[in-house]
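*Asks:* Would you mind keeping the following structure in view while I ask a few things?
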Amino acid sequence: MNNSQKYLFDLQGFLVIEDVLTDAQCDQAIDKIKQRMKPMEKTPNGYDSNGTWHHAPNLWEAGEPFLSLIDHPKVTDVLSEIISPTLRCESSYSFVRYKDCPVFEMHGGSRGGRVNFRYDARNGQIYTGLTVISYNLQDVAPEDGGFSAIPGSHKADFQLSEAERKELFAFGGPLVRTIPAPRGAAVIFTETLAHGAASWQREDEPRYGLFYKYNDRAAVYHEQGNRRPSNEALAMMTDAQRCYFNTAWQAFGPDGRNTNDVPEFGPDAG
Ligand SMILES: O=C(O)CCC(=O)C(=O)O
């Protein structure tokens with residue numbers, strides 16, 4: 001992570017890294033998402049989706065390019081600096097949203113959440129917890145809608161009431177910005193950032209959103225039961241990738257395994 005990336009992440013709460021995925025990987029990801037996606041009746045906010053939202057969970061089950069993204073060096077270079085040198089991958093999923101889909105309401109926007117929802121920067125070091133990678137499989141322009149955020153809100157120390165959130169976090173209001181990025185880019189953002197998604201406005205194609213969530217290997221935010229890779233998916237991974245799914249601990253491991261960087265799961269598990 002270079003100095004200007006640290007500056008931008010600390011200033012905004014997100015960072016856009018271009019040229020992470022190739023065109024061929026974007027096409028492959030879209031094809032596999034299309035095969036796996038299922039319509040959602042309700043959006044995460046409980047709005048009727050009317051056929052405009054689809055979901056494809058646990059994408060590592062579909063092999064490449066989803067496996068390579070678990071430890072893509074352009075992304076882990078940033079995550080290992082802002083979260084921890086040892087990382088957990090908590091989920092990998094797609095939301096596919098068509099024109100005029102309901103918004104994904106803004107969430108986050110305060111750093112008072114301890115281990116998962118923390119943000120601080122001291123003496124040249126960023127400290128955060130749960131962090132999301134939103135991969136752009138298509139070019140996204142500001143007028144298209146999609147990923148939106150309030151830059152800088154990851155540092156907010158004050159909690160807002162529901163009524164205040166409604167006013168200050170309104171899509172189309174002065175604070176909320178859509179974040180454009182080219183095909184192949186990774187938008188890395190801390191979950192403490194106020195973020196959500198504006199209604200998708202393109203007629204020609206839906207938005208194929210692809211999301212990976214990371215944490216310190218010693219911490220877990222999401223219940224892992226139905227998010228854990230199957231044995232078949234673990235068997236397709238490298239040892240380094242399998243370590244992203246180790247049990248959460250940091251120290252006092254068994255003999256010969258004092259740190260949590262040996263794979264626990266899969267055929268070659270130590
Ligand atoms: O759709 C987006 O860009 C935001 C997704 C998001 O915030 C989430 O999945 O938690």
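None of the figures in this text is laboratory data; all of them are computed from the coordinates on show. Note that this is a predicted model, so its numbers are computed, not measured. Cβ: placed from backbone, ideal geometry, glycine included. Neighbour counts: every protein chain shown.
*Asks:* Counting only residues that are under 24 Å from the mean Cα position of the chain (by Cα), free of Cβ contacts under 8 Å to residues at least 40 places away in the same chain and closer than 19 Å to Leu11 by Cα, how many does segment 153-175 have?
*Replies:* Residues that pass the stated criteria total 1.
*Asks:* Here is a follow-up. Output the residue which, of all residues in segment 110-136 that are in a loop (DSSP other than H, G, I, E, B) and over 16 Å from the mean Cα position of the chain (by Cα), is farthest from Arg202 (Cα to Cα).
*Replies:* Asn123
*Asks:* From the set of residues in segment 205-224 that are charged (D, E, K, R), assigned to a loop (DSSP other than H, G, I, E, B) and within 16 Å of the ligand (Cβ to nearest atom), which is farthest from the chain's Cα centre (by Cα)?
*Replies:* Glu205
*Asks:* Of Thr178, Thr192, which residue is within 16 Å of the ligand (Cβ to nearest atom), surrounded by 22 or more Cβ atoms within 10 Å (Cβ to Cβ), touching a residue at least 12 places away in the same chain (Cβ under 8 Å) and among the polar types (S, T, N, Q)?
*Replies:* The unique qualifying residue is Thr192.
*Asks:* Now a separate question. Could you list, in sequence order, all residues of segment 67-116 that are within 16 Å of the ligand (Cβ to nearest atom), hydroxyl-bearing (Ser, Thr, Tyr) and surrounded by fewer than 23 Cβ atoms within 10 Å (Cβ to Cβ)?
*Replies:* Ser91, Tyr93, Tyr98, Ser110
*Asks:* Answer yes or no: is there a residue in segment 26-35 that is part of a loop (DSSP other than H, G, I, E, B), without any contact (Cβ under 8 Å) to a residue 40 or more places away in the chain and surrounded by 17 or more Cβ atoms within 10 Å (Cβ to Cβ).
*Replies:* no
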